[in-house]
Amino acid sequence: MEKAKFGVLNDGTEISLYTLKNANGMAAEVTDLGATVVSLKLKDVNGVVRDVVLGYDTPQEYVENTCYFGAVIGRSANRIDKGRFVINGKTYQLAVNDNENNLHSGPDGYDIRRWGVVQQDKNSITFALDSPDGDQGFPGNFHVEIQYTLTDEDELILHYTGESDKDTVVNLTNHSYFNLAGHESGKILDQTLMIEADYYTPVIDSQAIPTGEIAPVKGTPMDFTAAKPIGKEIGADFEQLQFGQGYDHNFALRGEPGTKRKMAEAFCEKTGIRMEAFTDCPGMQFYAGNCITEQKGKGGAAYGPRHGFCLEAHYYPNAINQEGFASPLLAAGEKYDTTTSYKFSVK
């Protein structure tokens with residue numbers, strides 16, 4: 001474990017960077033700002049070191065930009081219709097920051113807060129945050145922790161735990177943007193993706209709130225049950241893709257929620273890097289980076305639309321307001337406990 005100064009925010013807050021390394025030379029850099037994954041570096045099939053996640057060189061850039069590169073999203077990821085929900089007969093109103101809805105819990109998300117470090121050793125680190133009752137509009141004093149572990153099998157494991165003193169909504173995820181050709185290499189459209197899902201949740205319109213239906217992917221461009229290039233059908237004449245300017249949809253994962261299972265596998269032929277993703281969550285948001293704004297990333301790299309893709313494991317969007325979806329309601333005193341991981345190899 002290596003600790004270094006990452007930078008200072010405009011308000012004077014000092015931000016640190018922690019580096020995890022394994023026996024194979026793979027390295028993961030994470031920061032206490034947003035418990036964010038800043039870089040993932042590994043050798044490709046030719047022995048060239050590639051950094052496969054998008055990010056920034058300074059902490060202030062993470063605060064000022066809105067793509068959520070690498071960050072932990074909380075207290076509730078994705079969208080909540082009108083920013084409103086009811087628990088125990090009481091209506092709660094969150095900030096409306098995405099058209100008419102709440103996205104990623106609003107403008108004061110966990111992604112721009114400085115987390116404390118409660119544990120660290122050679123290959124793992126645990127960040128913690130206390131979110132008070134009423135924070136972002138959610139009920140309950142919520143204590144949350146995330147542990148990052150980098151194994152010698154080249155797997156980055158994200159273990160989330162938390163507890164609240166009131167019934168509340170909890171739906172955490174990580175918002176890393178992957179590019180298996182390297183973060184600076186441009187569009188990801190020729191990289192292949194397989195998703196372990198026979199169904200997805202269609203959205204009503206461009207505001208991306210699910211209709212409540214769990215629809216089959218078969219016979220549609222949403223079908224990733226067999227690996228295909230991300231760009232193969234992204235421009236298809238299909239209403240769901242037009243709503244999101246491409247893929248930005250939740251997939252209903254196969255298998256039993258609460259058990260570890262593969263959710264997706266991605267591959268880049270140019271570098272030979274393969275990434276397998278696993279989770280115990282019920283769903284996964286596949287976002288093809290359609291709306292990444294033109295900007296400067298790490299090392300001066302030029303980022304733009306579809307330069308990275310996200311595989312966000314979580315409860316379905318707006319699940320707190322949909323009876324047919326698994327509920328993200330965390331009862332007072334119960335433990336929130338979920339694990340997602342990304343495993344890398346070359347071939």
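Values for this structure:
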| quantity | calculated |
| --- | --- |
| Charged-residue dipole, Cβ positions (Lys, Arg, Asp, Glu), segment 43-194 about Cα centre, Debye nearest 20 | 400 debye |
| Reachable lysines from Lys296, criterion Cα separation under 18 angstrom, eight or more residues apart if same chain | Lys187 |
| Total charge dipole magnitude, the chain, about the Cα centre, Cβ charges on Lys, Arg, Asp, Glu only, Debye to nearest 20 | 660 debye |
| Those residues of segment 248-284 whose amide nitrogen sits under 20 Å from the label point placed on Phe238, 7 Å along Cα→Cβ | 248-254, 263-267, 283-284 |
| Other-chain or far-sequence residues with amide H under 5 Å of Leu330's (modelled H) | Thr168, Val169, Val170 |
| Straight-distance crosslink candidates among lysines, where the alpha carbon sits under 20 Å from Lys122 and sequence neighbours closer than 8 are dropped | Lys3, Lys5, Lys21, Lys41, Lys343 |
| Listed residues Gly235, Gly289, Gly109, most fluctuating in the chain (Gaussian network, C-alpha, under 10 Å) | Gly235 |
| Candidates Asn88, Asn46, Asn22: whichever shows maximal mean-square fluctuation once the chain is modelled as a Gaussian network with Cα springs under 10 Å | Asn88 |
| For segment 2-346, share of DSSP beta bridges that run antiparallel, in % to the nearest 5 | 100 percent |
| Within-15-Å neighbourhood charge of Ala332 [Cβ basis; K, R +1; D, E -1] | -1 |
| Inter-part distance where segment 99-159 and segment 212-261 are each reduced to a Cα centre, Å | 27 Å |
| FRET efficiency, 1/(1 + (r/R0)^6) with R0 45 Å, evaluated for Gln295 and Glu213 via beta carbons | 0.80 |
| Rough spin-label spacing in nm, given labels placed 7 Å along Cα→Cβ, for Ala4 and Asp152 | 2.6 nm |
| Straight-distance crosslink candidates among lysines, where the alpha carbon sits under 29 Å from Lys90 and sequence neighbours closer than 8 are dropped | Lys82, Lys166, Lys335 |
| Length-normalised contact order for segment 88-147 - Cα pairs under 8 Å, 6+ apart - percent | 26 percent |
| Highest-fluctuation residue, Thr58, Thr173, Thr13 considered, GNM on the chain with Cα pairs under 10 Å | Thr13 |
| Residues Ser327 and Lys260, FRET efficiency given R0 of 22 Å [Cβ-Cβ distance, rounded to 0.05] | 0.60 |
| Full-extension gain in nm, Thr91 to Gln119, via 0.36 nm per residue minus C-alpha separation | 6.4 nm |
| For Gly272, net neighbour charge (Lys/Arg +1, Asp/Glu -1) across residues whose Cβ lies under 12 Å away | +3 |
| Segment 1-39 and segment 272-347: distance between their alpha carbon centers, rounded to Å | 20 Å |
| At R0 = 35 Å, FRET efficiency that the Cβ-Cβ distance of Thr225 and Lys166 yields, to 0.05 | 0.30 |
| Positive-end extreme of charge dipole, segment 224-264 - chosen from Ala264, Phe251, Leu241 (charges on Cβ) | Ala264 |
| For Asp223, Asp152, order by how many other beta-carbon atoms lie within 10 Å, fewest first | Asp152, Asp223 |
| Neighbour-count ranking [beta-carbon atoms within 10 angstrom, fewest first] of Ser16, Ser206, Ser76 | Ser206, Ser16, Ser76 |
| Footprinting exposure proxy for Thr151, Thr293 (fewest neighbouring C-beta atoms within 10 Å first) | Thr293, Thr151 |
| Under 11 Å, Cβ to Cβ, from Pro139 - net charge with Lys/Arg +1 and Asp/Glu -1 | -1 |
| Kirkwood estimate for the chain, i.e. one over the average of 1/r between Cα atoms, Å | 20.1 Å |
| Where labels lie 7 Å past Cα in the beta-carbon direction, separation of Asp205 and Asp337 in nm | 4.3 nm |
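Rule-based calculations on the coordinates, nothing more; no lab input. The shown structure was predicted, so the numbers you read here are calculated from the model rather than taken from an experiment. Using ideal geometry, Cβ is built from the backbone for each residue, glycine included, and neighbour counts are taken over all protein chains shown.
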